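The values are calculated or read from the model by the stated rules, or taken from the named source; none is laboratory data. Everything quoted here is computed from the prediction, not taken from an experiment. Neighbour counts are summed over all protein chains in view; Cβ atoms, including those assigned to glycine, are modelled from backbone coordinates with ideal geometry.
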Amino acid sequence: MTTGAPDQQGTSWPPVAADHPALDLLNTIAQIDGNPVDSWICDEDVVRWLIRAGWYQAGAIAPAQMRGLLRVARALREIVRTLVSARKNGGKVDPEPLNDFLAKAPSHSELVCEEAGLRLARRRAIKTPEQLLAPVAESAAELLAGDDFTLIRKCEDGTCTMWFYDRTKSHRRRWCSMALCGNRHKVAAFRQRRQG
Ligand SMILES: [Zn+2]
């Protein structure tokens, strides 16, 4: 596998367009020119993704908390990928690896006083990579426990490995994103019609 997307400048890569954070997690590996490209090559890449995906605010993660994050994040990504694929294909789903992960990141409810009244918050320690990634793991667990998986699909492009949650009204979403696969197919279909 090659690492680092070719157009990785700026903050637009990897795309956060799956409409579900657990699927965005899977899409941090994308096929580019037929090769899987991992947009995470160091701990800082994972931190940047966590911030861009909205899990943490910029500056909220200290360097000491990042140590080993890449290895743990990649492991979580493959645990979730295996489970999502198994659930989608109707195969045997083994939740143990994800449960092991969740067990390393306990949290508790906390009642918080605010001007507008009381709010229920979740208090968690964020000292280890597992604890940093716990909200992502919990979101994946919620997705997997959902009763309808028909709206969770892979991009229709045969070479693309991206997943998405189809939240369109018509439920006819076909592509990971228009910018990536959608436009390419629109152009190809247009050419075919002209030639035909
Ligand atoms: Zn695609």
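Here are some notes:
- Boolean, R191 is surrounded by 15 or more Cβ atoms within 10 Å (Cβ to Cβ) and either without any contact (Cβ under 8 Å) to a residue 12 or more places away in the chain or within 16 Å of the ligand (Cβ to nearest atom) (or both): no
- When C176, C113, C181 are screened for being closer than 30 Å to A58 by Cα and either touching a Cys at 6+ places or on another chain (Cβ under 6 Å) or within 16 Å of the ligand (Cβ to nearest atom) (or both), only C176 passes.
- For segment 161-172, filtered to residues that are under 13 Å from the mean Cα position of the chain (by Cα) and farther than 17 Å from V37 by Cβ, the residue that is nearest to the ligand (Cβ to nearest atom) is F164.
- Scanning segment 135-142 for any residue that is within 16 Å of the ligand (Cβ to nearest atom) and either within 24 Å of A17 (Cα to Cα) or over 16 Å from the mean Cα position of the chain (by Cα) (or both) turns up nothing.
- For segment 28-35, the count of residues that are among the β-branched types (V, I, T), crowded, with 18+ Cβ neighbours inside 10 Å, in contact with a strand residue (DSSP E or B) (Cβ under 9 Å, 6 or more places away or on another chain) and modelled with pLDDT of 90 or more is nonzero.
- Residue count for segment 42-66 satisfying the condition of being in contact with a helix residue (DSSP H, G or I) (Cβ under 9 Å, 6 or more places away or on another chain), surrounded by 13 or more Cβ atoms within 10 Å (Cβ to Cβ) and modelled with pLDDT of 90 or more: 11.
- Some residue of segment 146-160 being closer than 30 Å to A62 by Cα, away from the ligand (no atom under 16 Å from the Cβ) and not hydroxyl-bearing (S, T, Y): no
Here is a yes/no grid of residues against (1) farther than 25 Å from R81 by Cβ; (2) modelled with pLDDT of 90 or more:
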position	(1), (2)
E115	yes, yes
R122	yes, yes
I126	no, no
C176	no, yes
R193	yes, no
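- For segment 48-82, filtered to residues that are of a type in the set (V, I, T) and part of a helix (DSSP H, G or I), the residue that is farthest from P135 (Cα to Cα) is T82.
Conditions tested, residue by residue: (1) within 19 Å of S12 (Cα to Cα); (2) touching a residue at least 12 places away in the same chain (Cβ under 8 Å).
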{"site": "N35", "(1), (2)": "no, yes"}
{"site": "S39", "(1), (2)": "yes, yes"}
{"site": "D43", "(1), (2)": "yes, yes"}
{"site": "V46", "(1), (2)": "yes, yes"}
{"site": "R52", "(1), (2)": "yes, yes"}
{"site": "Q57", "(1), (2)": "yes, no"}
{"site": "A60", "(1), (2)": "no, no"}
{"site": "Q65", "(1), (2)": "no, yes"}
{"site": "G68", "(1), (2)": "no, yes"}
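- The lone exception for I126 - which of (1) over 26 Å from D43 (Cβ atoms); (2) away from the ligand (no atom under 16 Å from the Cβ); (3) among the β-branched types (V, I, T) it fails: (1)
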